[in-house]
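Taking it in order: structure first as structure tokens, then the write-up.
The values are calculated or read from the model by the stated rules, or taken from the named source; none is laboratory data. Just so it is clear, the model here is predicted, and its values are computed rather than measured. Methodologically, a virtual Cβ is constructed for each residue, glycine included, from the backbone with ideal geometry; neighbour enumeration extends over all protein chains shown.
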Amino acid sequence: MQDPKLDLKHFHWHKETRTLTTELSSLPIKVLPFYITIENPQTGQSRVFRKANVDANEEGEVLAWKYENLSHSLRLTIWND
């Protein structure tokens, strides 16, 4: 399976933490792969994010998936809604 390429419009930018966030239901995919590419159609640039960890509660329910792009010091959080 090819890594998905997602449009930047699906995400919210938090400048102070250099983090993109979204909810899983806002994405056109429902299964999260190890790598996600986010494309900015205005600039023509894209960034690849690698899954770093998964946050879960005491019952084991996933709260969020955390990704990172180390080369540009960017983070990505996808909330499980």
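Mind listing just one residue for me: the one in segment 6-26 that is out of contact with any strand residue (DSSP E or B) (no Cβ under 6 Å at 6 or more places or on another chain) and assigned to a helix (DSSP H, G or I) and, of those, farthest from Q42 (Cα to Cα)?
The extreme case among them is S25.
Conditions: (1) loosely packed, with under 13 Cβ neighbours inside 10 Å; (2) modelled with pLDDT of 95 or more. L74 meets all but one. Number of the miss?
Answer for L74: the failing condition is (1).
Does P33 count as closer than 13 Å to F11 by Cβ and assigned to a loop (DSSP other than H, G, I, E, B)?
For P33, the condition - closer than 13 Å to F11 by Cβ and assigned to a loop (DSSP other than H, G, I, E, B) - is not met.
In segment 14-26, how many are closer than 16 Å to V48 by Cα and over 10 Å from the mean Cα position of the chain (by Cα)?
The total comes to 1.
For segment 66-81, how many residues meet the condition of being in a strand (DSSP E or B) and among the acidic types (D, E)?
Let us first name the residues in segment 66-81 that are in a strand (DSSP E or B), namely 66-69, 74-79.
If we keep only those that are among the acidic types (D, E) too, we end up with 68.
Going through segment 66-81 one residue at a time, the tally reaches 1.
Does D3 meet the test of being assigned to a loop (DSSP other than H, G, I, E, B), surrounded by 11 or more Cβ atoms within 10 Å (Cβ to Cβ) and not aromatic (F, W, Y)?
Answer is yes for this residue.
Out of (1) in contact with a helix residue (DSSP H, G or I) (Cβ under 9 Å, 6 or more places away or on another chain); (2) modelled with pLDDT under 95, what's the single condition that is false for W79?
(2)
Can you list residue pairs whose Cβ atoms sit under 8 Å apart, with the first residue in segment 1-20 being on the phi < 0 side of the Ramachandran plot and the second being in a strand (DSSP E or B) and of a type in the set (K, R)? Count only pairs 6 or more apart in sequence or on different chains.
Short answer, once both residue conditions are applied: T17/R75; T19/R75; L20/R75.
Which residues, counting only those in segment 42-65, are within 15 Å of W79 (Cα to Cα) and not in a loop (DSSP other than H, G, I, E, B)?
Passing the criteria: K51, A52, N53, V54, D55, A56, V62, L63, A64, W65.
Exactly one of these conditions fails for V31: (1) of a type in the set (A, V, I, L, M, F, W, C); (2) in contact with a Lys or Arg (Cβ under 6 Å, 6 or more places away or on another chain); (3) free of Cβ contacts under 8 Å to residues at least 12 places away in the same chain. Give me its number.
(2)
Mind listing whichever residues of segment 36-63 are of a type in the set (V, I, T) and within 21 Å of D3 (Cα to Cα)?
Residues satisfying the conditions are I36, T37, I38, T43, V48, V54.
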